[in-house]
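Accompanying notes for the structure given below.
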Amino acid sequence: MAIVLHHHPFTRARHVVWMLEEVGVDYELSFVDLLKGEGHQAPHLARNRMGKLPTLEVDGVAISETAAIGMYLADRYAPGRLAPLPDDPDRGPYLRWCVYGPVVVEPGSMAHAAEWPCQPGRVGWGTYDDMVATLEEAIADGPWLLGDRFTMADVLLGGTVRWMLQFGMLKGTDDTLPAYAQRLSERDAAKRSESINHQVIEERGLSRG
């Protein structure tokens, strides 16, 4: 089984390293030099026509979109552990939270920050305040989205929450979201992924500037 993550640590591929560490499978990183335009050169476009990262290859089959990658990894390599089985009552809520980040939180937060004029009934995220309240209610009883059960949904949605809190794009009404982000950052797999990404940054001499 060959698993290759096409990766740059300043993209969402950083997040997929955490997923892979949680799943616990062997994988390799293939660095895509975005400054040299490799993301839009033929080899990468053959894997992902949008030229985007992350792109994961499993035995030569390419998978893109962060939520799809996370759900695939959990279903294939950690069923019943990081992904509730299809007949598990938690399966429905799990799937909801797996896609809540890219479908609701990201566009809702961007619209809020940019002050886009949106009618709540016509956009998938409704209102920013309702989106935040939904998040806080989901993890209020915690420690995870499914109570005591940690799943890939926490990696997917939690990764979005951590990133947006860091850059001030998501603001809660109390300490519920920051406390959730802190719990996530304390996971061993999250720490390993941070170390791996930092190592790539150092080895490649990368700078956000």
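The values are calculated or read from the model by the stated rules, or taken from the named source; none is laboratory data. Since we're looking at a predicted model, the values are computed, not measured. Because the Cβ atoms are built from the backbone with ideal geometry, glycine has one as well, and the counts that use them run over all protein chains shown.
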Of all residues in region 75-123 being among the aliphatic types (A, V, I, L, M) and not in a helix (DSSP H, G or I), which is farthest from LEU145 (Cα to Cα)? VAL123
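Would you mind finding the one in ILE139, ILE201 that is closer than 22 Å to ASP90 by Cα, in contact with a Ser or Thr (Cβ under 9 Å, 6 or more places away or on another chain) and in contact (Cβ under 8 Å) with a residue 24 or more places away in the chain? Full working, then the answer.
Working: ILE201 fails: closer than 22 Å to ASP90 by Cα.
Step by step, each of ILE139, ILE201 is checked, and only ILE139 is closer than 22 Å to ASP90 by Cα, in contact with a Ser or Thr (Cβ under 9 Å, 6 or more places away or on another chain) and in contact (Cβ under 8 Å) with a residue 24 or more places away in the chain.
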Take region 179-197 and flag every residue that is surrounded by 13 or more Cβ atoms within 10 Å (Cβ to Cβ), over 13 Å from GLU21 (Cβ atoms) and not hydroxyl-bearing (Ser, Thr, Tyr). ALA179, ALA181, ARG183
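Against the definition (modelled with pLDDT under 95 and in contact with a Pro (Cβ under 7 Å, 6 or more places away or on another chain)), how does LEU146 come out, yes or no?
no
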Scope region 32-50; condition closer than 20 Å to ILE63 by Cβ and in a helix (DSSP H, G or I); matching residues: LEU34, GLU38, GLY39, HIS40, ALA42, PRO43, HIS44, LEU45, ALA46, ARG47
Residue tally, condition out of contact with any Lys or Arg (no Cβ under 6 Å at 6 or more places or on another chain) and closer than 23 Å to GLY24 by Cβ, over region 68-116: 26
For LEU206, indicate whether it is in a loop (DSSP other than H, G, I, E, B) and surrounded by 12 or more Cβ atoms within 10 Å (Cβ to Cβ). yes
Six or more apart or on different chains, Cβ under 6 Å: which pairs go from a residue in region 169-197 that's within 15 Å of PHE150 (Cα to Cα) to one that's exposed (fewer than 13 other Cβ atoms within 10 Å of the Cβ)? Could you list them? none
